[in-house]
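To keep things clear, I will list the structure first and then write my remarks on it.
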Amino acid sequence: MINVAILGFGVVGGGVADLLTNNSDCVSRLGGDEINIKYLLDLRDFPDSPFADRVVHDFDIILSDPEVSCVIEVMGGSHPAYEYTVAALKAGKSVITSNKEVVAAFGDEFLSLAAEHGACYRFEAAVGGGIPVISPMISFIGQNRLREVRGILNGTTNYILTKMFSYGASFEESLKDAQDRGYAERNPDADVLGTDACRKITILTALATGKLLPTDSIHTEGITAIRKEDVIFAEKIGMKIKLLGRCILTDNGIQAVVAPFMIHNDSPLSTVSGVYNAVEVIGDPIGNVMFYGQGAGAGATASAVVGDLMQIMRSGRSYAEPCWTKTDDGLLDFACFEARNYVALDGVTLSEVNAALGEIQLICDEGELAFITGVLSESEISEAIEKLTTAGATIKSRIRLV
Ligand code: HSE
């Protein structure tokens, strides 16, 4: 019998408790033992819950109970999740989490502590919800020379962008719809500003390189500036707009970015709609591999959490060996990032654009001027646009192409 404690009895904690209860036969068959939820830590009481008698409010009860060998941290946020994780690992208890915020900030420390104290630290649910991507990246992909890991890593923004493309809705209308359906938080900043996707590409980059980049070293843009007009122009040239997290590995170093990208309709990522997530891994000799599924929600996230628990029961190991190092060494300056760009400008002539940006692919020259540039570095395009705006042009939009 394995005794576990769940920290946080919210949506994900409830999903984990339900899965462990409803699918106990599958779990014990594959994990090789029965699992008992001994404690549920939460600030609240749940008198009507079938788990009411296991609810505690003091983490020390869990920490000091030698029967608890595994702590499932699904509280979210950095604190006290950080302190509880450190204490549990130091006590030799394994920790499983869905909390991308702490993995992206402290994953290096947690993996070292786990190794030092004979415990495991696993976080399959931290990227892509129910999609098994972290474990396969270690177990079956790490031997390839990776060229890029990229993905649609945030369901809320993908829902909003899908709505804008399907119904011609504005960003604001689509966000409200996402909030009404419970996909987006009342304060949606972490999703729409790209922060959540940044944490997830930080974790994927660490898996690909062993380097846990500081999240603030990754160039991050959200989707708040995307206009209905941009959607119309993208459709005109057979493209979609997706918020992508990208980690590109070159001979010179790592490029890491979160931003909206225009992506051709024939790319597999362009077909990922609604709240779904997908991660595409490109390497040699494996080629392209894509992982697709529900990136959030009680059931999907619980599936990944319990998958980690079964891995610990079977093998007793963390994911990453050797451990990660927190560093931005090798991260290239975003000014060097090269791409073709979609640009929409007002108050400028075609010949002025050609003089500043060279040959372009024109999308529209009625009202605003919308076009696709050739491949330019960030510093080159920023400089050219600055010249045009100084001469009287107004920038309406700029979105990079994949
Ligand atoms: N807010 C996140 C999303 C939840 O929309 O994808 C899952 O991490």
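The values are calculated or read from the model by the stated rules, or taken from the named source; none is laboratory data. Note that the structure is predicted; figures quoted are calculated from it, not measured. No Cβ is skipped: glycine too gets one built from the backbone with ideal geometry, and neighbour counts run over all protein chains shown. The protein model used for the area step is the full one, side chains on, heavy atoms only, and it has no ligands, DNA or RNA in it. Shrake-Rupley method; radii C 1.70, N 1.55, O 1.52, S 1.80 Å.
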* Structure fact -> Those residues of segment 82-111 which are more than 16 Å from the ligand (Cβ to nearest atom) and either modelled with pLDDT under 95 or of a type in the set (A, V, I, L, M, F, W, C) (or both) amount to VAL86, ALA87, ALA88, LEU89, ALA91, VAL95, PHE106, PHE110, LEU111
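What strands (runs of 3 or more DSSP E) lie completely within segment 356-402 and have 2 or more residues being surrounded by fewer than 18 Cβ atoms within 10 Å (Cβ to Cβ)?
In segment 356-402, the matching strands (runs of 3 or more DSSP E) lie at 361-364, 394-401.
Just give me the residues in segment 255-314 being hydrophobic (A, V, I, L, M, F, W, C) and part of a helix (DSSP H, G or I), in sequence order. Talk me through it step by step, then tell me what you get.
Quick first cut of segment 255-314, residues hydrophobic (A, V, I, L, M, F, W, C) only: 256-259, 261-263, 269, 272, 275, 278-279, 281-282, 286, 289-291, 296, 298, 300, 302, 304-306, 309-310, 312-313.
Answer for segment 255-314, where residues must be hydrophobic (A, V, I, L, M, F, W, C) and part of a helix (DSSP H, G or I): LEU269, ALA298, ALA300, ALA302, ALA304, VAL305, VAL306, LEU309, MET310, ILE312, MET313.
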* To do: Taking GLY299 as meeting all but one of (1) open to solvent by less than 20 Å² (accessible area, probe 1.4 Å); (2) within 16 Å of the ligand (Cβ to nearest atom), write down the number of the exception.
  => (1)
* **Odd one out for VAL306, checked against (1) open to solvent by 20 Å² or more (accessible area, probe 1.4 Å); (2) under 30 Å from ASP25 (Cα atoms)** => (1)
* Does any residue of segment 38-49 turn out to be under 20 Å from ALA114 (Cα atoms) and touching a residue at least 24 places away in the same chain (Cβ under 8 Å)? -> no
* Complete set of residues in segment 238-261 that are more than 26 Å from PRO214 (Cα to Cα) and not charged (D, E, K, R) -> GLY238, MET239, ILE241
* Asked: In the list ILE152, ILE201, ILE160, which residue meets the criterion of being under 16 Å from LYS100 (Cα atoms) and in contact with a helix residue (DSSP H, G or I) (Cβ under 8 Å, 6 or more places away or on another chain)?
  -> ILE152
* Every residue from segment 1-59 that is open to solvent by less than 30 Å² (accessible area, probe 1.4 Å), closer than 21 Å to GLY299 by Cβ and over 28 Å from the mean Cα position of the chain (by Cα) -> ILE37, SER49, PHE51
* To do: Among the residues of segment 319-369, write down those that are closer than 30 Å to ALA104 by Cβ and hydrophobic (A, V, I, L, M, F, W, C).
  => ALA320, CYS323, TRP324, LEU331, LEU332, PHE334, ALA335, CYS336, PHE337, ALA339
* Select, from GLY194, GLY129, GLY182, the only residue that is within 13 Å of the ligand (Cβ to nearest atom) and open to solvent by 10 Å² or more (accessible area, probe 1.4 Å). => GLY182
* Any idea which residue in segment 146-179 is nearest to ILE263 (Cα to Cα), counting only those that are among the aromatic types (Phe, Trp, Tyr) and away from the ligand (no atom under 12 Å from the Cβ)? -> PHE165
* Residue list for segment 77-88, filter: touching a residue at least 40 places away in the same chain (Cβ under 8 Å) and either touching a Ser or Thr at 6+ places or on another chain (Cβ under 8 Å) or open to solvent by less than 30 Å² (accessible area, probe 1.4 Å) (or both) -> ALA81
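Of the residues that make up segment 136-143, is at least one open to solvent by less than 10 Å² (accessible area, probe 1.4 Å) and under 27 Å from PHE9 (Cα atoms)? Lay out the reasoning, then the answer.
Looking only at segment 136-143, we keep the residues that are open to solvent by less than 10 Å² (accessible area, probe 1.4 Å), and these are 137, 141.
Restricting the remaining residues to those that are under 27 Å from PHE9 (Cα atoms) gives none.
Among the residues of segment 136-143, not one is open to solvent by less than 10 Å² (accessible area, probe 1.4 Å) and under 27 Å from PHE9 (Cα atoms), which makes the answer no.
Mind checking whether some residue in segment 283-293 is surrounded by 22 or more Cβ atoms within 10 Å (Cβ to Cβ), away from the ligand (no atom under 16 Å from the Cβ) and farther than 23 Å from GLN361 by Cα?
no
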* **When residues of segment 60-75 are limited to those that are outside any strand (DSSP E or B) and in contact with a helix residue (DSSP H, G or I) (Cβ under 7 Å, 6 or more places away or on another chain), the one least open to solvent (accessible area, probe 1.4 Å)** => VAL74
* Condition check for VAL149: surrounded by 18 or more Cβ atoms within 10 Å (Cβ to Cβ) and farther than 27 Å from PHE337 by Cβ -> no
* Asked: Using beta carbons and a limit of 7 Å, which pairs, at least six apart or on different chains, have the first residue in segment 157-179 and farther than 20 Å from THR271 by Cα and the second one open to solvent by less than 30 Å² (accessible area, probe 1.4 Å) and among the hydrophobic types (A, V, I, L, M, F, W, C)?
  -> LEU175/ILE160; LEU175/ALA184; LEU175/VAL192
